[in-house]
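Remarks on the structure that follows.
The values are calculated or read from the model by the stated rules, or taken from the named source; none is laboratory data. These figures come from a predicted structure and were not determined experimentally. All Cβ positions, even for glycine, are placed from backbone atoms using ideal geometry, and neighbour counts span all protein chains on display. Only protein heavy atoms, including side chains, enter the accessible area calculation; ligands, DNA and RNA are left aside. Shrake-Rupley method; radii C 1.70, N 1.55, O 1.52, S 1.80 Å.
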Amino acid sequence: MWFSGCPSQISQPERFFLAYAQAGSSLVRVRFSEDGLNWDDGNFTSQVTGSSFRGVGAMMDARSLSHVVIVDALFEINFVWSIGPALWSNNYEPESVIHPQASAPCGVGIGDLKFLVAYRRGDDKITVRLYDYDQRSFVGGDYAPIHLLNTDVTGRPSITYMNGKILLTWGRMFVSPQGWDFQIITAVGEMVNNVPSFSIPKKVPLPYSIFENRQFAPGSRTTPDVTHDHNQFYIAFAREVYGGMWKYRQTVMYNSTDGESWDEHSLVPYLEEDPVGFDTIVNIAGKSDGTLIAAAIRCGIDPVFDSIVSAARYTNGVWSELNVGTMFGAFSAYSKQFALIGTGSP
């Protein structure tokens, strides 16, 4: 087993961890950093993807000893395991799924070598599965909330875990009598009798309307991403803003101490504010000192040559621009879902 012989007291320092698909190929690249400014290559060698995968997810075990890269494949999710951020298995382990996938997977470690993995399935609902490393398989059924708000899902869901609390979020896009409506939905959960149990999903109050004379537009296909800094939760997403005769896209971040009530934390400058018409994939990660990292990939017509990557770092109450070449390394990113997470213990 990949974990055999690993002392239980070993843990990893806090880091940021990045995994993305290399542009023009089906290769996955991983990078890591302790401060968000200086990044190292993770030497990822497994040929985990095929030509039709939708993107990359990442998670870690509770002690952050093992980092895990997950990608979707036809009727399965492929797992690649590591010890630390740079010692990776050369092989991937496929695990079959109960619903066909319509998005890249996301995941989070919840302790005892158990992980929650979520994805959007073909009928535009969220599935949440429990993966048990000791059994090397998914166990149980689909633990996602059964609710009207778990319909018309767009993009990939996002999931995180802090102090015994699970936070699951996703975006909805549907046609209302007034036109297109975009919603961000959250469900808070916890482990009950060794299985995840979620509260009734709720809408995050957003400061825009579907009616005329609005400042903010519905924000088509701007999948939300969640993280925490060991003190509070954060949600980030790209929204569409009316600017006179045109619209543009900006990234906004919300924060919450309990996952139930949300406040607008900040606008994230330096991320690509493209004219509306292309998808923007946003990911965020946090550390216990309050440092946050946000990165975005703007998807163009050509997924290799038209994608634009941008990144920003938040510390001491101020956002600053990050050097994308330093963060992502020598390879450009494909305009597919990528993963940016915080790892390690405070």
Tally the residues that are farther than 29 Å from residue 323 by Cβ and touching a residue at least 24 places away in the same chain (Cβ under 8 Å), restricting the search to the stretch 48-61.
3
Counting only residues that are surrounded by fewer than 23 Cβ atoms within 10 Å (Cβ to Cβ) and modelled with pLDDT under 90, how many does the stretch 26-53 have?
9
Can you name every residue in the stretch 62-73 that is outside any strand (DSSP E or B) and either in contact (Cβ under 8 Å) with a residue 60 or more places away in the chain or within 12 Å of residue 21 (Cα to Cα) (or both)?
63, 64, 65
Just the residues that are closer than 17 Å to residue 289 by Cα, assigned to a loop (DSSP other than H, G, I, E, B) and either among the small types (Gly, Ala, Ser) or touching a residue at least 24 places away in the same chain (Cβ under 8 Å) (or both), please, taken from the stretch 13-37.
14, 35, 36, 37
Of the residues 181, 124, 134, which single one is charged (D, E, K, R), more than 18 Å from residue 58 (Cβ to Cβ) and part of a strand (DSSP E or B)?
181
Under 6 Å between Cβ atoms, at least 6 apart or on separate chains: pull out the pairs that start in the stretch 254-267 with a residue that is farther than 15 Å from residue 285 by Cβ and crowded, with 18+ Cβ neighbours inside 10 Å and end on any residue that is of a type in the set (Ser, Thr, Tyr) and modelled with pLDDT of 95 or more.
262/254; 262/256
Among 98, 110, which is the only one that is more than 16 Å from residue 155 (Cβ to Cβ) and assigned to a strand (DSSP E or B)?
110
Would you mention how many residues in the stretch 107-131 are under 25 Å from residue 230 (Cβ atoms) and touching a Leu at 6+ places or on another chain (Cβ under 9 Å)?
12
Assigned to a loop (DSSP other than H, G, I, E, B), touching a Gly at 6+ places or on another chain (Cβ under 7 Å) and either on the phi > 0 side of the Ramachandran plot or without any contact (Cβ under 8 Å) to a residue 24 or more places away in the chain (or both): does that describe residue 103?
no
Any residue that is at pLDDT 95 or above, open to solvent by less than 20 Å² (accessible area, probe 1.4 Å) and not acidic (Asp, Glu) - is there at least one of those in the stretch 171-184?
no
Residue 277 fails exactly one of (1) at pLDDT 85 or above; (2) outside any strand (DSSP E or B); (3) of a type in the set (Gly, Ala, Ser), namely (1)
